[in-house]
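Everything on this sheet refers to the single structure shown next.
The values are calculated or read from the model by the stated rules, or taken from the named source; none is laboratory data. All figures in this text were calculated on a predicted structure; none of them were measured in a lab. Because the Cβ atoms are built from the backbone with ideal geometry, glycine has one as well, and the counts that use them run over all protein chains shown. Quick note on the areas: whole protein, heavy atoms, side chains included, nothing else; ligands and nucleic acids left out. Shrake-Rupley method; radii C 1.70, N 1.55, O 1.52, S 1.80 Å.
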Amino acid sequence: DTGVSQNPRHKITKRGQNVTFRCDPISEHNRLYWYRQTLGQGPEFLTYFQNEAQLEKSRLLSDRFSAERPKGSFSTLEIQRTEQGDSAMYLCASSSGQGGANVLTFGAGSRLTVL
Amino acid sequence: AQSVTQLGSHVSVSEGALVLLRCNYSSSVPPYLFWYVQYPNQGLQLLLKYTTGATLVKGINGFEAEFKKSETSFHLTKPSAHMSDAAEYFCAVSDSDMRFGAGTRLTVKP
């Protein structure tokens, strides 16, 4: 297993454009998480899935953000009408099991720059 | 709601000196606590975790942390810093999802 894979690694876009990030978790992991990290800050929780069900969304996830995990495997995070404030590293993580004791395995992240 | 607070955004130590990175948590239920490390241009990696049982938890690279319920703390320590320890360290608390602190950047001086 190659771990958690995120694509693209870097994305530069103009304000107002839509962008989509993809995350491929570790294959046997049933949980998938999205976080956002800005410079000098810790990862901020955005949303998580258990299999294909989106179980929780942060209030940080405005209506311009949508995440899907259609078959309980890979996930996409789409940002519509991007704003400069969306510039950040978007992190994906996966874990197995259902409890809070499970360790998250992180991908290397997708860096978004909005001009 | 669960949360963690990391005291000190930047800690600088000399090589060979004790490393102490502070973390306090807030949780309405018995917490699961974690420390992750992030090296430049890399993803977060687990250092250690506390779930139940022994309150002194040993992790990778000589790090350890002690869960103190009375102080709601989970401080990370290492007896002797190495240059390779320079990184960003994040404390996290988990219930159904994981919440991270703002991080502490560790600098190790030769």
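Details
- Buried on assembly, segment B:1-45 (at least 20 Å² less accessible surface than by itself, 1.4 Å probe): B:32, B:34, B:36, B:38, B:43, B:44
- For residue B:56, the shell of other residues with beta-carbons less than 15 Å away shows a net charge of +2, using +1 for Lys and Arg and -1 for Asp and Glu.
- Estimated dipole of chain B in Debye, rounded to 20 [Cβ of Lys and Arg +1, of Asp and Glu -1, Cα centre]: 100
- Neighbourhood charge, 14 Å Cβ-Cβ cut-off, centred on residue B:5 and excluding it, Lys, Arg +1 and Asp, Glu -1: +1
- Choice from B:27, B:14, B:96 with maximal GNM fluctuation in chain B (Cα, 10 Å cutoff): B:96
- For segment A:80-115, heavy-atom accessible area (probe 1.4 Å) falls by no less than 40 Å² from the chain alone to the full protein assembly at A:100, A:101, A:103, A:104, A:106.
- Placing unit charges on each Cβ (+1 for Lys and Arg, -1 for Asp and Glu) gives segment A:25-66 a dipole about its Cα centre, and among A:46, A:60, A:25 the Cα reaching farthest toward its positive end belongs to A:60.
- Listed by chain and number, the lysines whose C-alpha is less than 16 Å from the C-alpha of residue B:69, apart from same-chain residues fewer than 8 away, are B:49.
- Fraction of accessible area attributable to carbon and sulfur, the protein assembly as shown (%, probe 1.4 Å): 48
- Mean separation of Cα contacts under 8 Å (6+ apart) over length of segment B:6-51, as relative contact order %: 29
- Per residue accessible area of segment A:32-115, 1.4 Å probe, in Å²: 43
- Contact residues in segment B:67-110 (at least 40 Å² less accessible area with all protein chains than alone, 1.4 Å probe): B:96, B:97, B:98, B:99, B:100, B:102.
- Average accessible surface area per residue within chain B, 1.4 Å rolling probe, Å²: 47
- Computed from phi, the 3J(HN,Hα) profile of segment A:75-81 under the Karplus parametrisation 6.51, -1.76, 1.60 (θ = phi - 60°) reads 9, 10, 10, 10, 10, 9, 6 Hz, with x in place of Gly and Pro.
- For the protein assembly as shown, a simple Cβ point-charge model (Lys and Arg +1, Asp and Glu -1, everything else neutral) yields a dipole of about 420 debye relative to the Cα centre.
- Whole-Å semi-axes of the ellipsoid equivalent to chain B (Cα gyration tensor, √5λ, descending): 23, 14, 12
- 3J(HN,Hα) along segment B:32-46: 9, 10, 9, 10, 10, 10, 10, 7, x, 6, 10, x, 5, 10, 6 Hz, from the Karplus curve 6.51 cos²θ - 1.76 cosθ + 1.60 with θ = phi - 60°, whole Hz, x for Gly and Pro.
- Per-residue HN-Hα couplings for segment B:17-29 [Karplus 6.51, -1.76, 1.60; θ = phi - 60°; Hz; x = Gly/Pro]: 7, 5, 9, 9, 10, 9, 9, 10, 10, 9, 8, 7, 10
- By accessible area with a 1.4 Å probe, ligands and nucleic acids excluded, highest first: order of B:9, A:58, B:3: B:9, B:3, A:58
- Partner aspartates and glutamates for residue B:58 [C-alpha distance under 20 Å; skip if fewer than 8 residues away on the same chain]: B:66, B:71, B:85, B:88
- Chain A: proportion of alpha-carbon pairs further apart than 18 angstrom, %: 45
- Interface between chains B and A: roughly 1500 Å² of accessible area buried, both sides summed (probe 1.4 Å, protein heavy atoms only).
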